[in-house]
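Have a look at the structure below, then the notes.
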């Protein structure tokens, strides 16, 4: 099995490094950190134990990389046009592309560009950040859920799950569409609200007004998902997400970090697209559409 | 006719000074500026021509003031409990209290405290600010609409309108409840949004996303008003308000100034109360309730 990682950052870099560290054949695409990692290796400072890939297979262009059985995509979803451009050299018959990205509609859009491609959703549950070139800090969690979007090769899909498990990464199969929307239940309220209110998850939940608002926004996402036919998702999941977040340390979601570091925000796949999909199905996400507009105002 | 002004600030001070400057008998209640205005007078730097009251009748307590025919209340609505406390010494049989304040529910609450009182709503259309102790800058507009809430003495109500006209202030009678909600159509979107997005009216309308959001929020206020039985108010009023605001210079509404200067915001009468009244009547103001929660988070 040949793996490649496009987007060797806090998330793609972590999962790729776990596989490589367990002995799997992994090629990494890097951009700004290419030279540094080539010379110094890729380090993971992990709550589960630090490790270092001394000589990872690193590349600065996909044209120099091998055709892969599995491509892990860890790019921010603001770069999908770039992904479509650099993906082809990695593809052979049956290649499985796993989008470890945030949002709704990513798999559908990729499929439209590459009709025959095997695609899966990778839902990362991890708190990690790239703290320096070639150094990823892994703070907590670290599992990954895989949802089969269009992978016709079930054996290939299952072997990826197995490889993750062998590499010490908790991995399981989930229903792709439900999993995407379940993640949106947390992502849509907290990403945008921490940006617009310039705060962290804990402070939003410590104020009774914004706690109720976050809860109402979660219910709105659940209503949208139900309208779109997602089964097995009801308001009790919002209660669960609120409780889970209360148990977490004060946290800045990825969009807040993007905003703070003046990187583009993933507004399209996190807000515009799910709001539009729900509207098409007849449900207006009023509060999340408002949050989208506020985010668009900020850039 | 004896007038008194409670809250001699940018708004109450302006209208009171216009009356006094025209020769009407006006007593002013001042707090922090009392000594300064007693010694130096009250100055209005007005786009319609500057003027100065050299020896205004100023007081630091209503207990020293005369009983009045008309009380103009220019206090911020965050001080209603104080108003209820200091109002009685000014009242005689038939006194008309005009609340030149922002929000929904002000007259109802005052009436509950003073069941027999004559009350009117004063809707100020003015851009003015207190720039220094005893100095009010009047930038543009300057009319006032009066809505009769519970004034049984029609002659008294009309004579106030006449006195304003004599003092060079455009004044007309309006239907109280419709007028309050019409003002909310502008106030609710722009006050909160300029605070939460830390911006001015023009920038919100220059961005297509927030322009649409402001428009949708205006329609939500109109829907709420219609649910509450307000007649003669439809979406065309939102178009009108958007156009009017586009024609204005970049503007920071009063709540934005309050927030910037770390004064308490009028969140209750501008948001909490109208949202609650609409909900009681069966209409949920989703976007404005969200804005309320965001304002409550900010303080």
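Sticking to Cα atoms, compute the Rg of segment A:104-211 to one decimal and its Dmax as the biggest Cα-Cα distance, whole number, in Å.
17.0, 49
Would you calculate the convex hull of the Cα atoms in segment A:2-174 and tell me its volume per residue in Å³? Can you show the working numbers first?
On the way: hull volume 17.4 nm³, N = 173.
Residue-normalised Cα hull volume stands at 101 Å³.
If each of residue B:35 and residue A:158 carries a label point 7 Å out from its Cα toward its Cβ, how far apart are those two points in nm?
Simple spin-label model gives 8.8 nm for this pair.
Can you say what percent of the DSSP beta bridges in segment A:56-145, counting only those with both residues inside, are antiparallel? Round to 5.
Roughly 55 percent of the DSSP beta bridges within segment A:56-145 come out antiparallel.
What angle, in degrees between 0 and 90 and rounded to the nearest 10, separates the Cα long axis of helix A:154-166 from the longest principal axis of the Cα atoms of chain A?
90
Full-extension gain between residue A:263 and residue A:112, please, as 0.36 nm times their residue separation minus the C-alpha to C-alpha distance.
Length gained between residue A:263 and residue A:112: 51.6 nm.
Would you mind computing Rg(Cα) / (2.2 N^0.38 Å) for chain A, counting N as its residues? Working shown, then result.
Working: Rg = 18.7 Å, N = 299, 2.2 N^0.38 = 19.2 Å.
So the Cα radius of gyration is 0.98 times the expected 2.2 N^0.38 Å.
Mind pulling up the Rg/Rh value for the protein assembly as shown? Radius of gyration and Kirkwood radius, both on Cα.
Details: Rg = 30.8 Å, Rh = 27.5 Å.
Result for the protein assembly as shown is an Rg/Rh of 1.12.
Beyond 16 Å, how much of the Cα-Cα pair distribution for segment B:223-265 remains, as a whole percent? Spell out each step's value before the answer.
Values: 541 of 903 pairs.
Cα-Cα pairs in segment B:223-265 separated by more than 16 Å: 60 percent.
Between segment B:73-91 and segment B:248-286, how far is it from one alpha carbon centroid to the other, in angstrom?
20
On C-alpha positions alone, give me the angle between the axis of helix A:12-21 and the longest principal axis of chain A, in degrees, nearest 10.
Approximately 40 degrees, to the nearest 10.
Which number do you get for Rg(Cα) / (2.2 N^0.38 Å) in segment B:152-268?
On the way: Rg = 16.5 Å, N = 117, 2.2 N^0.38 = 13.4 Å.
Taking the Cα Rg and dividing by 2.2 N^0.38 Å, one obtains 1.23.
Just the number: Rg to Rh for segment B:1-85, Cα atoms, Kirkwood Rh, two decimals. Don't skip to the answer; put the middle values down first.
Values: Rg = 12.2 Å, Rh = 12.9 Å.
Result: Rg/Rh = 0.94.
Roughly what % antiparallel, to the nearest 5, for the DSSP beta bridges in the protein assembly as shown?
35
So how far, in whole Å, is the C-alpha centre of segment B:1-28 from the one of segment B:96-133?
14
With runs of 4+ DSSP H residues as the only contributors, calculate the mean residue ellipticity of chain A at 222 nm using -39,500 (n - 2.57) per run, divided by the residue total and rounded to the nearest 500.
Values: 12 runs with 132 residues, N = 299.
Here the helix-only value at 222 nm equals -13500 deg cm²/dmol.
Which of rounded, prolate or oblate describes segment B:200-299 when judged by the alpha-carbon gyration tensor and an a/c cut-off of 1.5?
Verdict is oblate for segment B:200-299.
Over segment B:178-298, calculate the relative contact order: mean separation of alpha carbon pairs under 8 Å at least 6 apart, over the residue count, as a percent.
Contact order relative to length: 36 percent.
If you scale each eigenvalue of the Cα gyration tensor by 5 and take the root, what three semi-axes come out for segment A:30-72, rounded to whole angstrom and sorted largest first?
22, 14, 8
For residue A:54 paired with residue B:141, estimate the spin-label separation in nm (one decimal), with each label point 7 Å from Cα along the Cα-to-Cβ line.
That separation, rounded to one decimal, is 7.4 nm.
Quick one: work out the % antiparallel among DSSP beta bridges in segment A:107-187, nearest 5.
DSSP beta bridges in segment A:107-187 are roughly 75 percent antiparallel.
Would you mind giving the mean number of other chain beta-carbons within 10 Å of the Cβ of each residue in A:291-299, as a whole number?
On the way: counts 3, 2, 14, 9, 1, 6, 13, 5, 1.
Going residue by residue through A:291-299 and averaging, the value is 6.
Tell me whether segment A:67-116 comes out rounded, prolate or oblate; compute the Cα gyration tensor, take square roots of the eigenvalues as a ≥ b ≥ c, and use a/c under 1.5 as the rounded threshold.
It comes out prolate by the Cα gyration axes.
Using a 7 Å offset from the Cα along the Cα-to-Cβ direction at both residue A:235 and residue A:175, what is the distance between the two label points in nm, to one decimal?
2.2
Taken together, the values in this text are just the output of simple stated rules run on the coordinates, not laboratory data. All figures in this text were calculated on a predicted structure; none of them were measured in a lab. Note that we place each Cβ from the backbone using ideal geometry, even for glycine, and neighbour counts take in every protein chain shown.
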